[in-house]
């Protein structure tokens, strides 16, 4: 178990040795600072509290500043907890950095992020339903849901019926994606395929 | 939220992954494309000759389309410009054209189909 926090840069493409094009997502991962170690004895699970991105002190509130003052480090704006193995935690110290090199090329990871918000989306976009016919006499029923239930029995709409509503802006995880490249100098993690979220959005990469 | 310099990261990434430089040719040119082919563990180079009818894309995503007439049938192949399997693009004949996309070549038959003027 290991993972890091980073930001999605966007997609691009690469060539493999055979000359095939691979679609890739670039994730920028500045070295994550260890803020706290959480171990089994005290918390019931093993994890590291990681932080990235320094910000002006005036942007923090007093409790946050107090927490960082106690640790004698500059305040960090983005803090997340990631599960780690016990022996990996033992090797680290609070205040140290973990960089992308903990990931190897070819290994598989899960990437968590917040999907792009689509607002109040219709039934076709939200659930991928077909909608009405484009022509052949259909009148203003191209993107409508049609019937949503039966008759007097059951006399109500079934609970959980998929309809229009808020879509996106929720936590999504892409599972088992392959690491194509690890760039230590530029702090980049290149993974194959798409990753949830917009450009510049926060992602957590965890070992699959 | 810290803002990333996304354009710079993307550009640097493209420079890093680029396997070779841009081949110099234009739309309308007759070219010989040297394509590496792997067969049973051996690799050889095959040449594909035709007229470049389109160039598109940006950065390392650039592609070009080469059209030729093979046994009376029009054949088009789209090559990624920076693909490692393309070792060379040699210009055989320069073509003078007024358009960026030579889609009109598809309608041509006979001798007119193999030359631009």
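Since every read-out is calculated from the coordinates, none of them should be taken as a lab result. Note that the coordinates shown come from a computational prediction; the quantities given were computed from them, not determined experimentally. Cβ: placed from backbone, ideal geometry, glycine included. Neighbour counts: every protein chain shown.
Rounded to the nearest 0.05, what FRET efficiency do residue B:32 and residue A:13 have when you use their Cβ-Cβ distance and R0 = 25 Å? Walk me through the numbers before you get to the answer.
Numbers: r = 26 Å, r/R0 = 1.02.
My answer for the efficiency is 0.45.
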Task: Computed Kirkwood radius, in angstrom, where 1/r is averaged over Cα pairs of the protein assembly as shown - done: 24.8
Open item on the list: Between helix B:6-17 and chain B, what is the angle of the helix's C-alpha long axis to the longest principal axis, kept within 0 to 90° and rounded to the nearest 10?
Closed with: 60
Open item on the list: Looking at the stretch A:118-167, I'd like the Rg to Rh ratio, where Rg is from alpha-carbon atoms and Rh is Kirkwood's inverse mean 1/r.
Closed with: 1.03
Task: Cα pair count fraction exceeding 20 Å, expressed as % - the stretch A:1-72 - done: 56
Open item on the list: Compute the distance from the alpha-carbon center of the stretch A:1-44 to that of the stretch B:62-95, in whole Å.
Closed with: 38
Task: Cα pair distances of the stretch A:63-185 binned at 10 Å [whole percent] - done: 9, 20, 23, 17, 15, 11, 4, 0
Open item on the list: From the helices alone, meaning DSSP H stretches of at least four residues, give me the mean residue ellipticity at 222 nm for chain B, per-run term -39500 (n - 2.57), in deg cm²/dmol to the nearest 500.
Closed with: -3000 deg cm²/dmol
- [ ] At q = 0.11, 0.24 Å⁻¹, what is the base-10 log of I(q)/I(0) for the stretch B:1-74 according to the Debye formula with one equal point scatterer per Cα and no solvent? Please give it to two decimals.
- [x] -0.46, -1.16
TODO: Subtracting the Cα-Cα distance from 0.36 nm times the residue separation, let me have the gained length for residue A:91 to residue A:136 in nm, one decimal.
DONE: 9.3 nm
Task: Angle in degrees between helix A:62-71 and the longest Cα principal axis of chain A, rounded to the nearest 10 - done: 40
Task: Isotropically averaged projected area of the stretch A:15-123, using the convex hull of Cα atoms (one quarter of hull area), nm² - done: 12.0
TODO: Once every Cα of the stretch A:135-208 carries one equal point scatterer and solvent is ignored, give the base-10 log of I(q)/I(0) from the Debye formula at q = 0.12, 0.16, 0.17 Å⁻¹, two decimals.
DONE: -0.66, -0.80, -0.84
- [ ] Calculate the mean, over all residues of peptide B:8-14, of how many other protein chain Cβ atoms lie within 10 angstrom of the residue's Cβ.
- [x] 5
- [ ] Using only the alpha carbon atoms of the stretch B:22-113, find the Kirkwood hydrodynamic radius as the inverse mean reciprocal pair distance, in angstroms to one decimal.
- [x] 13.8
